[in-house]
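Everything below concerns the one structure shown next.
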Amino acid sequence: MSVATAVGEAERPVLRIDSEAIERNAARIVERIDPEVVGVTKGVCGDPRVARAMLAGGAAGIADSRVANLARLREHVDCDLLLLRAPMCAECPAVVENATWSMESEAETLQALSAAAIGRELVHRVLLAIDVGDRREGILPEHFEEFLETAIDLPGIEVAGLATHVGSFAGVVPTRENVGRLVTLVERSEKRLGRRLPVVSGGSTNALALAAAGDLPERVTQLRVGEGILLGTNPATGEAIDGLETDAIELVAEVIESKEKPSAPEGERGRDAFGNEPAFEGRGVRRRAIVALGRLDCAVEALTPLREGIEVVGASSDHAVLDVADAPGSVEVGDRLAFRPGYAALARAAAAPYVAVEVG
Ligand SMILES: *Cc1c(COP(=O)(O)O)cnc(C)c1O
């Protein structure tokens, strides 16, 4: 965070997070479903203040994709911590020290975790990650048995459960059938181990609707929920989830230029700074504003301006260009404009060194 410390908060775009709204969203989700809810903080770069709000709302633990985030959380919150993304080899010592469980899909990583756990006289609990169709991480069901045997044989490793994730990569949605594939493997594992597995982690925000309708297999003990708690939206549809607050988080950026300009570019055109060939609608001369925020800070296309009549036209690494011609009142240099971030914008902004995070 070297850059961030060189400038004060007032000179940076600010991500404003209402921790009470986060707590209420967590509480409503916890109330609605049978499996326990683990709050996922990777969308807010593992911010411990947000983690505390999730726990206050009834989350049973916290999950994050980054080992560094878990290590910081371990210092600030007292709860079970789940590592969502398999670690790099060099991270394994930090994983056994900080994570209660980690999701794993490679024998090499299990071996590195085993070595790290033995060296510290610890037992590391793993959730074996199963790919039921999204084709990101996870063991294919047909290769599961061999992987289970590897895990069972390793000292310092305890199989605590199984986990699956769909949606993030290929957009596959959870169904009774694909979550059912997980449950089948849980049953086989339990037979082999001769004990009940404490954790069957059945999915993320996009599985909430199934869970609330009572359509998840009963054997699922846990869902890992990030976007639903933070933004109140369903990643599979982009729509608000009934009864959840969608205004817990906003991103505020300052206007650094405001001018009447032709909306169509002039001159021969090639690719833009990021290799794209954006199209622009010719709408005549319009008032345009530039905010001090760009693609380095967030996914600009995932921002919704909160002030009526403002539209995001495009962006480069450090500039976001807005059409403000239809905004009531004037938009002047120095004005601070608020946006509702979608998940991609939120996750990047929370991790960007140029963006301040304010949790109220
Ligand atoms: C990101 C992630 C989650 C949380 O997903 P949301 O859609 O934010 O609820 C859960 N599990 C894994 C493995 C993830 O990578």
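Among the residues of the range 108-135, how many are under 23 Å from Leu182 (Cβ atoms) and surrounded by 15 or more Cβ atoms within 10 Å (Cβ to Cβ)?
14
Give me the pairs, please: first residue somewhere in the range 184-204 and within 16 Å of the ligand (Cβ to nearest atom), second residue anywhere and among the basic types (Lys, Arg) and not in a helix (DSSP H, G or I), beta-carbon distance under 9 Å, and either six or more positions apart or on two chains.
So the pair list comes out as Val199/Arg125; Val200/Arg219; Ser201/Arg224; Gly202/Arg219; Gly202/Arg224; Gly203/Arg224; Ser204/Arg224.
Look at Glu106 and say whether it is over 23 Å from Cys45 (Cβ atoms) and out of contact with any helix residue (DSSP H, G or I) (no Cβ under 9 Å at 6 or more places or on another chain).
No.
Can you find, within the range 245-278, the residue that is farthest from Val44 (Cα to Cα) among those that are within 35 Å of the chain's Cα centre (by Cα) and surrounded by fewer than 10 Cβ atoms within 10 Å (Cβ to Cβ)?
Ranking the qualifying residues of the range 245-278, first place goes to Gly270.
Could you say whether any residue in the range 94-108 is within 14 Å of the ligand (Cβ to nearest atom) and assigned to a loop (DSSP other than H, G, I, E, B)?
yes
Of all residues in the range 189-243, how many are among the polar types (S, T, N, Q) and out of contact with any helix residue (DSSP H, G or I) (no Cβ under 7 Å at 6 or more places or on another chain)? Write out each step before concluding.
First pass over the range 189-243, keeping only residues among the polar types (S, T, N, Q): 189, 201, 204-206, 221-222, 233-234, 237.
Checking the rest, the ones that are also out of contact with any helix residue (DSSP H, G or I) (no Cβ under 7 Å at 6 or more places or on another chain) come to 201, 204, 206, 221-222, 237.
Within the range 189-243, residues that are among the polar types (S, T, N, Q) and out of contact with any helix residue (DSSP H, G or I) (no Cβ under 7 Å at 6 or more places or on another chain) number 6.
For the range 300-344, which strands (runs of 3 or more DSSP E) that fit wholly inside it have 3 or more residues that are of a type in the set (A, V, I, L, M, F, W, C) and closer than 19 Å to Glu260 by Cβ?
Passing ranges, in order: 320-323.
So, of the residues in the range 323-348 that are within 16 Å of the ligand (Cβ to nearest atom) and of a type in the set (Gly, Ala, Ser), which turns out to be surrounded by the most Cβ atoms within 10 Å (Cβ to Cβ)?
If we take residues in the range 323-348 being within 16 Å of the ligand (Cβ to nearest atom) and of a type in the set (Gly, Ala, Ser), then Ala345 is surrounded by the most Cβ atoms within 10 Å (Cβ to Cβ).
For the structure I just gave you, tell me whether Gly238 is within 16 Å of the ligand (Cβ to nearest atom) and surrounded by fewer than 13 Cβ atoms within 10 Å (Cβ to Cβ).
It is true that Gly238 is within 16 Å of the ligand (Cβ to nearest atom) and surrounded by fewer than 13 Cβ atoms within 10 Å (Cβ to Cβ).
What is the residue count in the range 233-249 for residues that are assigned to a strand (DSSP E or B) and over 17 Å from Gly171 (Cα atoms)?
Here is the first cut: in the range 233-249, the residues assigned to a strand (DSSP E or B) are 233, 240, 249.
If we keep only those that are over 17 Å from Gly171 (Cα atoms) too, we end up with 240, 249.
Looking only at that region, the number is 2.
Picking from Val50, Val166, Val96, which residue would you name as being buried (at least 19 other Cβ atoms within 10 Å of the Cβ), touching a Lys or Arg at 6+ places or on another chain (Cβ under 7 Å) and among the β-branched types (Val, Ile, Thr)? Spell out how you get there, then give the answer.
Numbers: Val50 fails: touching a Lys or Arg at 6+ places or on another chain (Cβ under 7 Å); Val166 fails: touching a Lys or Arg at 6+ places or on another chain (Cβ under 7 Å).
It is Val96.
Report yes if Ala151 is within 16 Å of the ligand (Cβ to nearest atom) and of a type in the set (A, V, I, L, M), otherwise no.
No; evaluated as a whole, the condition is false for this residue.
Output the residue which, of all residues in the range 156-171 that are touching a helix residue (DSSP H, G or I) at 6+ places or on another chain (Cβ under 7 Å) and within 13 Å of the ligand (Cβ to nearest atom), is farthest from Arg219 (Cα to Cα).
Among residues in the range 156-171 that are touching a helix residue (DSSP H, G or I) at 6+ places or on another chain (Cβ under 7 Å) and within 13 Å of the ligand (Cβ to nearest atom), the one farthest from Arg219 (Cα to Cα) is Gly167.
Bear in mind these aren't lab numbers, they're just calculated from the coordinates by the rules spelled out. Because the structure is predicted, anything quoted here is derived from the model rather than measured. Backbone-built Cβ (ideal geometry, glycine too); neighbour counts: all protein chains shown.
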